[in-house]
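Structure record follows, encoded as structure tokens.
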Amino acid sequence: MEDKMGGPTNKTDLSGRYFPVAVYYEDADMVEYVRQDVPCVNRRIDDFLTLTLKMEGREPIGFKLKGFKNFYLHYFKDDGQRDDRDRFLALVNVIEKATKLLGNKIFEEGRKAAYEQAYKIAKEDNAELHELPSAA
Amino acid sequence: MEMVGYVLLGLTSRLLLSRGLLLIRGTICRFRMSREDAMKAAAAHRRQPIWEIWSIVLGEPPPVPNVRTWGLNVPAEEGLIALVEAHACFRGICRALAEDDNGENVVAYILKPRFFYGYAANLVSTAVKHATPEGLLFAAYARLDIPWDAQGATVGVVTHGGFVESDPANPLLPEDHASRYTERLW
């Protein structure tokens, strides 16, 4: 059975291995991309973006993008359509795919952006960081 | 797996108690849990937020095998906290959320758990108890049902939660709480 959010929830296996993926949460109206399924700290940047930091070490490992449904309701909603929720949910796969690609690009390909973000955060925290890893 | 159904059904069928939702602290309110979002997290094998809701919002260890007997977790319930023990509450999250342009109908409950559970890829148990690092608080967010019905069985749905950094000047409140929320209820 497929649920309306696109997931085969009755076949969910909590023991399965986690792979980085973007997931849209409808009740929270946000899409989350996170590299690891570990305890995290949320650092709000603005009303659209929240950074996800690993609790241990505060390394950036993901982000949350907020308010997609609100954006849809303001700019794409067709008042004549009664099944508006279904129309929006049909777009969720696109949002999730785009976010996953964005996340992979930021955190996987070269990791430069992640190191730069870590440096920025360390600077905000007044931590001493004299040089970036050579990979950066 | 049957365990999945048990963990999620147990989570989403709970009615959470919270005190002081509106301006009067001490009023008992009941919330639902976000069922579909929990299902989506589980479908993606994203267990950590579910474990946090169990151990910080419901105040119980996640109901997975051996969680109460694994040496690392004993005593399994000590130091956990539940939504009803929140020490601060804000209304309005200053960001768009579906029909709510500025999140005015969202409340944020602030908790300071001593311990919580995290996911562990371990053969003994998949939930391990962690001490909460200094300087962190947990914010649990709930959308209020609109129109508001104070006499209803429930008054809203807990949508999500997460750890946030505390304000160095006031360690019991989140950093930037003045700009991050519209108003403090209590």
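Apply the Debye scattering formula to region A:37-79, with a single equal point scatterer on each alpha-carbon and no solvent, then give log10 I(q)/I(0) at q = 0.16, 0.21, 0.28 Å⁻¹. Each listed q maps to, in turn, -0.51, -0.67, -0.90. Using a probe radius of 1.4 angstrom, the carbon and sulfur fraction of the accessible surface of chain B is 56%.
Each residue was assigned an accessible area with a 1.4 Å probe, and for B:C29 the value is about 10 Å². Dipole magnitude for region B:78-186: about 320 debye, using +1 per Lys or Arg Cβ and -1 per Asp or Glu Cβ, origin at the Cα centre. With the whole protein complex present, A:D46 retains an accessible surface near 70 Å², based on a 1.4 Å probe. For the cross-link pairs A:K64/A:K100; A:K77/A:K105; A:K66/B:K129; A:K66/A:K97; A:K66/B:K40, the ones whose C-alpha atoms lie over 20 Å apart are A:K77/A:K105; A:K66/B:K129. Within the full protein context, the accessible area of A:I45 is estimated at about 90 Å² for a probe radius of 1.4 Å. Please compute how much accessible surface disappears when B pairs with A, both sides summed, using a 1.4 Å probe, and round it to the nearest 100 Å². For B against A, buried area totals roughly 3700 Å². If you bin all the Cα-Cα distances of region B:45-93 at 10 Å, starting from zero, the percentages per bin are 24, 46, 23, 7, 0. The angle separating the long axis of helix B:2-12 from the principal Cα axis of greatest extent in chain B is about 20 degrees.
Stokes-Einstein diffusion of region B:24-126 at 25 °C, 0.890 mPa s viscosity, Kirkwood radius from Cα pairs, rounded to a whole number: 158 µm²/s. For region B:59-186, the solvent-accessible area of protein heavy atoms averages 42 Å² per residue (probe radius 1.4 Å; ligands and nucleic acids excluded). Taking only alpha carbon atoms, chain B gives an Rg to Rh ratio of 0.97, where Rh is the Kirkwood radius. A Förster radius of 56 Å combined with the Cβ-Cβ distance from A:K77 to B:T69 puts the calculated FRET efficiency at roughly 0.60. Got a sec? Charge dipole of chain B, +1 on Cβ for Lys and Arg, -1 for Asp and Glu; which of B:V128, B:P174, B:L111 is way out at the positive end? Of the options given, the answer is B:V128.
Computed about the Cα centre, the dipole magnitude for region B:101-151 is approximately 420 debye when only Lys and Arg (+1) and Asp and Glu (-1) carry charge, each at its Cβ.
Each Lys and Arg contributes +1 and each Asp and Glu -1, all at the Cβ; summed about the Cα centre of region B:49-132, the dipole is approximately 360 debye.
Result for chain B in a Gaussian network model with C-alpha springs under 10 Å: among B:D145, B:D167, B:D101, the largest mean-square fluctuation is at B:D101. Note on B:E99 and B:V124: their simple-model spin labels are 4.9 nm apart, each label 7 Å out from Cα toward Cβ.
The values are calculated or read from the model by the stated rules, or taken from the named source; none is laboratory data. Predicted model only: the values in this text are computed from it and were never measured. All Cβ positions, even for glycine, are placed from backbone atoms using ideal geometry, and neighbour counts span all protein chains on display. These accessible areas exclude ligands, DNA and RNA; they are computed on the full protein's heavy atoms, side chains included. Shrake-Rupley method; radii C 1.70, N 1.55, O 1.52, S 1.80 Å.
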